[in-house]
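Heads up: the structure comes next, in structure tokens.
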Amino acid sequence: MSEMWINMGPQHPMTHGLWNLRVRIDGEVILDVDPEMGYLHRGIEKISEDRHYNEVITLMDRTCYVAGLSWEHLYILASEQALHIQPPERAQYLRVLCEEFQRIASHLMWYAAFVQDIGLMTPFLYGMRDRDLILDLFQSYTGARMTYEYMRVGGVRNDLPPGFTDQARKVLDWLGPRFDEYDRLCLGSDIFHKRCDNLGVLKANDCVRHGVTGPMLRSAGLRRDLRKDRPYAVYDQLDFEVARADTADVTGRYLVRMEEMRQSIRILRQVLDWLDHHPGPVLAHELPRWLGAPYAPVGREGYLLKRHYPKGVGFSSIEEPHGEAQAYVVNEGGEHPYRVKFRSPVFANVSAARQYLIGYRVADIPPIMGSVDVCVGEVDR
Amino acid sequence: MAEVSEPEPRNENPVLWVARPMATAARQFAKSLFRPSTIVYPYERLEDPRFRDRLEVASGKPFGVGHVWDNYRGVHALNIATCISCNLCAFSCPDICIEMVTVPGGDPKHPKKCPEIDYGKCSYCGFCSDACPEGCLTMTTRYELSTPKRSDMVYSPQKLYDVFRSKLPMNPIRLARPENEDAILLDPPLCIGCNACARDCPTECITMLDVPKPEAKPGEKLPKRIWKEPVINDSDCVRCGTCISVCPKECLFWGTRK
């Protein structure tokens, strides 16, 4: 048989977003793959250098359009460290609330896209329907369904509206049994297993070698979760388990994500109980003028900054729905960050495509790449 | 423990491969016949009181108070009457889509300026309504903006005022403000008493007070200036920074009043 290169993408149903997977095939067998990223590059790191610390938050929502609040949290943690600001505890709980709801929403989005990749249309509709309920919750307190702009340096924008926690609990009550239903739809059928078992195997040492994190790493048997290993915000006060599977294949990633959503519900119930009983401020008291919302052109800002705000650097890493995201913010004493750098987990996960695609068939590419949960917005930034 | 493994033993009967998921789907289908989860836009609309609570639609369970829609950040509403032309909305806009344009009503020396918003650029982040010290620029639940002309996307103050008068529900979320607000301080030796800050202050919280003219020592030349200095009333000040930007000698700056 003669070998040939085929392009999957940048406009292909398999690619969620704009990226290109070049595949060298011999008949049906994959001999080589070459992922090409960069179609969605917007220069977010460079634009951030020209914006106020708070204005960068609008870019964070657009970095990953299915997990905007996680990226806001990531950036906020790094910039607060760089600016030496301590947020109040209630704000930290509210951020955890955001992040865990966002994790469920992101995993539901992944579930909907993934099952469609393997040819199931019914679960797709269920996933999108249930994700919409979480978007409704987001809308009720952040004011938007997708681009939230909720967190601020030093806290969050506003407190929860009255009656929110009861509403959220009802959504959680509704979501819990839905995950069992998803399992019945997918795992209950051998067609799913025939399509996904022993596919896209990436063993733990390969994951570590290529920087692959998140559910892909946990499905390979390593219990590695930054929420447990290096707790940020208030995760050290919350009780949850880290999901793990041993199979290292597509089914394993499915099982890990389903278990993560159940654990997120467990975290959210604790957070909602805490929020009910601990009212308080949601924005830090010690904020410089230009970090509060009404900022104005600052005359002689160097004078102010020299007096009040020393230079600093901030580094944060959080367990984003896709893996370990990291941010580095350098504060050189201006009202804009001097340099912002992000590490996207999906970039590493996709870059390792050669490790988990070679040797499989062409028809296996959609399930395998679907199980990676590609979000091109954060790959290219 | 959160160890996850395959939940059920494999069933090799091909009929069950299809039948088991189909049973789950059929149950959902029967439910959705009576309570569809979809909303047939534009014949039905999400802000319709019937859809106050989407969970009720999806699950058929009563849901209590649901005001999902009221907090939505949509098109702005501007109350021209209370706008003080402080420029804070334009300063705080990350997309630079707000321009301050002159509206009738001010005196010719101090024209009244109100925000004009280009919705082709706006990202609906809400920073402008957070920044507004008088609460005259708020966000409403209006979201339909499609128009055949690009120029229609630019909303003049009058058009924003029409949105305000249409009595749409306003986004009630107000920003939590930092408690120790910085104040505007004066560096007295630099001031020349030019009155520019007091003239342009939107809230008229700056008063020019006389300062004593010092006695010139022999051989020393007094600076050529008006012997007045601005005094800022912190309780009226909205911290817009207009005085800082108009000061010709850069003698005003942000600081904390001890």
| query | Regarding A:GLY163, is this residue crowded, with 24+ Cβ neighbours inside 10 Å and either out of contact with any His (no Cβ under 7 Å at 6 or more places or on another chain) or at the interface with chain B (Cβ under 8 Å from one of its Cβ atoms) (or both)? | reply | no
| query | When you go through A:ARG62, A:ARG51 one by one, which is the residue that is in a loop (DSSP other than H, G, I, E, B), touching a residue at least 60 places away in the same chain (Cβ under 8 Å), of a type in the set (D, E, K, R) and surrounded by fewer than 20 Cβ atoms within 10 Å (Cβ to Cβ)? | reply | A:ARG51
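Is it fair to say A:THR142 is buried (at least 21 other Cβ atoms within 10 Å of the Cβ) and of a type in the set (S, T, N, Q)? Give the derivation first.
Values: buried (at least 21 other Cβ atoms within 10 Å of the Cβ): yes; of a type in the set (S, T, N, Q): yes.
Yes: the conditions hold for A:THR142.
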| request: Name every residue in the stretch A:214-258 that is β-branched (Val, Ile, Thr) and in contact with a Ser or Thr (Cβ under 8 Å, 6 or more places away or on another chain), in order of residue number. | output: A:THR247, A:VAL250, A:VAL256
| task | With the checklist (1) among the hydroxyl-bearing types (Ser, Thr, Tyr); (2) without any contact (Cβ under 8 Å) to a residue 60 or more places away in the chain; (3) part of a helix (DSSP H, G or I) in hand, flag the one item A:THR247 doesn't pass. | result | (3)
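Determine which member of the set A:SER140, A:SER189 is under 30 Å from A:ALA78 (Cβ atoms) and polar (S, T, N, Q). Show your work before the answer.
Values: A:SER189 fails: under 30 Å from A:ALA78 (Cβ atoms).
Within the list A:SER140, A:SER189, the selection yields A:SER140.
Among the listed residues A:LEU304, A:LEU357, identify the single one that is at pLDDT below 90 and facing chain B (nearest Cβ under 8 Å). Can you show your working first?
Details: A:LEU357 fails: facing chain B (nearest Cβ under 8 Å).
Criteria check complete, one pass: A:LEU304.
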| Subset tally (residues that are surrounded by fewer than 21 Cβ atoms within 10 Å (Cβ to Cβ) and either within 14 Å of another protein chain (Cβ to nearest Cβ) or not aliphatic (A, V, I, L, M) (or both)) for the stretch A:189-206 | 10
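Pick out, from the stretch B:77-165, the helices (runs of 4 or more DSSP H) lying fully within it that include 3 or more residues that are away from chain A (no Cβ under 14 Å).
So the answer is B:157-165.
Being in contact with an Asp or Glu (Cβ under 8 Å, 6 or more places away or on another chain), within 12 Å of chain B (Cβ to nearest Cβ) and not hydroxyl-bearing (Ser, Thr, Tyr) is the filter here; which residues of the stretch A:48-67 pass it? Quick ask: steps written out before the conclusion?
First, pick out the residues of the stretch A:48-67 that are in contact with an Asp or Glu (Cβ under 8 Å, 6 or more places away or on another chain): A:52-53, A:57-58, A:60-61, A:63-64, A:67.
Retained after the next criterion (residues that are within 12 Å of chain B (Cβ to nearest Cβ)): A:52-53, A:57-58, A:60-61.
Within the stretch A:48-67, A:HIS52, A:ILE57, A:MET60, A:ASP61 meet the criteria.
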| task | Enumerate the strands (runs of 3 or more DSSP E) found wholly within the stretch B:189-258, keeping only those where 2 or more residues are in contact (Cβ under 8 Å) with a residue 60 or more places away in the chain and closer than 28 Å to B:SER129 by Cβ. | result | B:252-255
| Applying the selection to the stretch A:92-134, what residues are under 22 Å from A:PHE164 (Cβ atoms) and facing another protein chain (nearest Cβ under 9 Å)? | A:ARG129, A:ASP130, A:ASP132, A:LEU133
| said: Is it the case, given these coordinates, that A:LEU40 is within 14 Å of another protein chain (Cβ to nearest Cβ) and either part of a loop (DSSP other than H, G, I, E, B) or surrounded by 20 or more Cβ atoms within 10 Å (Cβ to Cβ) (or both)? | reply: no
| query | Of the residues A:ARG42, A:ARG51, which single one is basic (Lys, Arg), within 20 Å of the chain's Cα centre (by Cα) and more than 22 Å from A:ARG257 (Cβ to Cβ)? | reply | A:ARG42
| remark: For A:GLN139, the lone unmet condition from (1) of a type outside the set (Gly, Ala, Ser); (2) touching a residue at least 60 places away in the same chain (Cβ under 8 Å); (3) at the interface with chain B (Cβ under 10 Å from one of its Cβ atoms) is (2)
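The values are calculated or read from the model by the stated rules, or taken from the named source; none is laboratory data. Remember, it's a predicted structure, so these values are computed and weren't measured experimentally. Quick reminder, even Gly has a Cβ in these numbers, built from the backbone with ideal geometry, and neighbours come from all protein chains shown.
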